[in-house]
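Take a look at the structure below.
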Amino acid sequence: MKWKIFTGVGVVLVVFVVIATVKALQIGKMIGFAKTFAPPPETISSAVAQQESWQDSLTAVGSIDPQNGVTLAPEVAGMVTQIAVADGTVVAKGDLLMQLDTSTEEAQLRAAEAQTELSRLNFERAKSLRADNTVSQSELDQADATFKQDAANADVIRATIEKKTIRAPFAGRLGIWQVNVGASVDARRSLISLQSLTPVYADFSLPQQDLSQVETGLVVQVTCDAYPGKKFTGTLTAINPDLDATTRSVPLRATFENADQLLRPGMFVRAEVVLPQTQPVLAVPATAILSAPFGDSVYVINPQVANGVTNLVVQQKFVRTGRMHGDFVSVENGLQPGDRVVTAGLFKLHNGASVQENNTDTPQPSNSPNPPNS
């Protein structure tokens, strides 16, 4: 009986040793494979850091203002009897826009004109009689004063009628009417917006340290989110003589012809004052910059020879960036001219990763980008 127990235990031990040996061999092979395994290279796009000459510029944010712009309102109260033009109409200076009820004033004017005519006749008669010394000088003066007073009363009524006749004070485009025919409006009640869209102004401010670099006549370019990729070119036409006491900045104004009327009053814009001088910069596509809380960086592509085979690996370098110019950004520190940097596929890389280049399907960056949908 004991012999059978020892035999069974021995068989179990042999089986355990065989299984352990097999597993150890398998694990050893897996470790050896892991040590020699190299992940396939990541496919990326690349570009070369190039030395370029960029024009200096000063950037700011601002807004579009019309050359002439106003919200029309009546000087006197009344009831709307006519709206002569529709919403959004382009009007000329002096065009009739809206008419308030003037029936009472017109009746008063007829009475005043009749009284004025009578006063005129009395004055003419008094002059004739005075020439014959039939009436005194005081009677002639009284007739003259009565005539002038009646004429002035008629003029007051005419002025009231004119105030109830709303006309365009300048040429421009109307907005949306805030009243309807039959409505009673108070004095100073907003009626409609009228804006002159050609030309328009871009108003912005620059820090006082930039004041010595700007002068009227410089080219100013603005962009806005309403038209991605589109630049509007104008001219710096005014520099405020005094600075803002709170921000120590100087207000400036640029004029834009705006022939296509794309720029509208109230638009938020980014303005760039183009200075006449240029400076050398090291430029890379903006997509090559990897931004992080601890700083901006790029991946530089370097060849690496191993076992007689040349592979491409990336090295992460921290850089200090400057200003933007189209699709490019200037690098002030951290790169050398001729360095090849990764421009697409950055987020799947790490320091020392193996890569392969494929630039066939990558859009080419431009200093003057013009997207198809702009």
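Coordinate-derived values only; no laboratory data. Note that the coordinates shown come from a computational prediction; the quantities given were computed from them, not determined experimentally. Counting neighbours? That spans all protein chains shown, and the Cβs are built from the backbone with ideal geometry, glycine included.
Couple of notes before you dig in:
- Each of Leu97, Gly338, Thr71 was placed along the dipole of the chain (beta-carbon charges, centred on the mean Cα), and the one lying farthest toward the positive end is Gly338.
- Counting only alpha carbon atoms, the long axis of helix 103-131 and the longest principal axis of the chain meet at about 40°.
- Fluctuation leader among Val341, Val48, Val135 - the chain, Gaussian network, Cα springs under 10 angstrom: Val135
- DSSP-loop chymotrypsin sites (Phe, Trp or Tyr not before Pro) across the stretch 273-374, with at most 10 other Cβ within 10 angstrom: Phe294
- Rounded to the nearest 10 degrees, the angle from helix 2-36 to the longest Cα principal axis of the chain is 50 degrees.
- Dipole of the chain, positive direction: furthest Cα of Thr198, Ser128, Asn359, with charges on the beta-carbon: Asn359
- Distance between the stretch 296-319 and the stretch 146-218 - C-alpha centres, whole angstrom: 66 Å
- Nonlocal amide H pairs with Ser63, under 5 Å, H built at 1.01 Å: Asp203, Val269
- Fraction of antiparallel bridges per DSSP, the chain only, in percent to nearest 5: 95 percent
- Under the simplified labelling scheme, the Ala245-Gln304 pair shows an inter-label distance of 6.4 nm, with each label point 7 Å from Cα along Cα→Cβ.
- C-alpha long axis of helix 137-163 to longest principal axis of the chain, angle in °: 30 degrees
- Binned Cα-Cα distances of the stretch 102-163, short to long, each 10 Å bin given as a whole percent: 25, 38, 23, 12, 2
- Given 16 as the ceiling on other Cβ atoms within 10 Å, longest exposed-site-free region of the chain for trypsin sites (Lys or Arg not before Pro) in DSSP loops: 249-374
- Only Lys, Arg (+1) and Asp, Glu (-1) charged, at Cβ; the stretch 239-374 dipole about Cα centre in debye: 260 debye
- Eigen-decomposition of the gyration tensor built on the alpha-carbon atoms of the chain gives equivalent ellipsoid semi-axes of 88, 30, 16 angstrom, largest listed first.
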